[in-house]
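Notes follow the structure.
FYI, it's all coordinate maths here, none of it is from the lab. What you see is a predicted model, and the numbers here were worked out from it, not measured in a lab. Reconstructed Cβ throughout: ideal geometry from the backbone, glycine too, with neighbour counts over all protein chains shown.
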Amino acid sequence: MKKILIVNGSKRKKGNSYALEKYMAEKLSGKAEVVTFDVGEKDVRFCLACDACKKKEEPFCIQKDDFTALIPTIDKCDAMVILGPVHWSRFPAQLRAFLDRTYSFMNFRRPDLSMASRKDKKLAGYLCAGVGPAPVYLAALEEDLKCFAASGFTDYKAFVAGGVGVPGSVMENADYVKAADDMVDWLLA
Ligand SMILES: Cc1cc2nc3c(=O)[nH]c(=O)nc-3n(C[C@H](O)[C@H](O)[C@H](O)COP(=O)(O)O)c2cc1C
């Protein structure tokens, strides 16, 4: 069974990202081993930029927090799903902190810059935006997803649902639900 990690960057428990997390986890249930990691509820500190990880030959972080504890799961999973709101046209700060901490996988001595034990992992990014423009946010999201290549996620799919300012409303739009369904199918393929 595939191991899939769902990372949720929203602070709104009754919001869109949590609704998507529940929906996708249910769809994956029985078909994949799912681990959820709600960044806003975890102790994920800022990257210290101390470069302690740069002396290593495997993913490493000197900090003792929930991100460091998750490193083996990030490294060994088959796929990761990133869910969250758009905040000021980009990832919310919680997801930015999470992305920064994947610096712990980076190794400048290697041609592909990565200490990840697997470099063929899938990454699905699905953001919710109160208004839009969704195509502009999608381009920004794709740039952010590319940064996860250092942690071994080299194959990605991105989607942004615009016009979902009302908490939970993403699930009322058939196209947005289909985008989640398509992502689940792609993750399992
Ligand atoms: C601090 C903050 C910044 C936001 N910035 C944007 C933005 O730039 N563009 C946009 O369309 N919506 C913006 N929103 C609205 C959220 O993206 C929207 O409500 C989203 O559906 C929330 O997702 P969630 O319920 O999963 O947290 C912002 C909301 C907050 C709280």
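Between residue 26 and residue 43, what length in nm is gained on full extension when 0.36 nm per residue of separation is reduced by their alpha carbon distance? Each step should come with its number before you reach the end.
Values: separation 17, 0.36 × 17 = 6.12 nm, distance 2.55 nm.
Roughly 3.6 nm would be gained on extension.
Given q = 0.12, 0.16, 0.20 Å⁻¹, what are the Debye log10 I(q)/I(0) values for region 90-153, with equal point scatterers placed on the Cα positions and solvent ignored?
One equal scatterer on each Cα of region 90-153 leads to -0.34, -0.57, -0.81.
Normalised by the residues of region 2-188, what does the relative contact order come to in percent, with Cα pairs under 8 Å and at least six apart?
On the way: 361 pairs, mean separation 48.2, N = 187.
Relative contact order, region 2-188: 26 percent.
Restricting the count to DSSP beta bridges whose residues both fall in region 2-188, what percent are antiparallel, rounded to a multiple of 5?
Looking only at bridges with both residues in region 2-188, the antiparallel portion is about 5 percent.
Taking the Cα-to-Cβ direction at residue 120 and at residue 14 and moving 7 Å from each Cα, how far apart do the two end points lie in nm?
With each label point 7 Å from Cα toward Cβ, the separation is 4.5 nm.
Dividing the Cα radius of gyration by the Kirkwood radius, what Rg/Rh value follows for the chain? Don't jump to the answer; show the numbers that get you there.
Values: Rg = 15.9 Å, Rh = 16.6 Å.
In the chain, Rg relative to Rh is 0.96.
In nm, give the distance between the simple-model label positions of residue 178 and residue 93, each being 7 Å from the Cα along the Cα-to-Cβ direction.
3.8
Which of the chymotrypsin sites (Phe, Trp or Tyr not before Pro) found in region 95-185 are in a DSSP loop and have at most 12 neighbouring Cβ atoms, other than their own, within 10 Å?
Numbers: sites: 98, 103, 105, 108, 126, 137, 148, 153, 156, 159, 176; in loops: 108.
Here the chymotrypsin sites (Phe, Trp or Tyr not before Pro) that fit, given the DSSP loop and packing criteria, are 108.
Suppose every Lys and Arg Cβ carries +1 and every Asp and Glu Cβ carries -1, with no other charges. What dipole size does region 2-188 come out with about its Cα centre, to the nearest 20 debye?
Details: 28 positive and 25 negative charges, 81 e Å.
Charge dipole of region 2-188: 380 debye, to the nearest 20.
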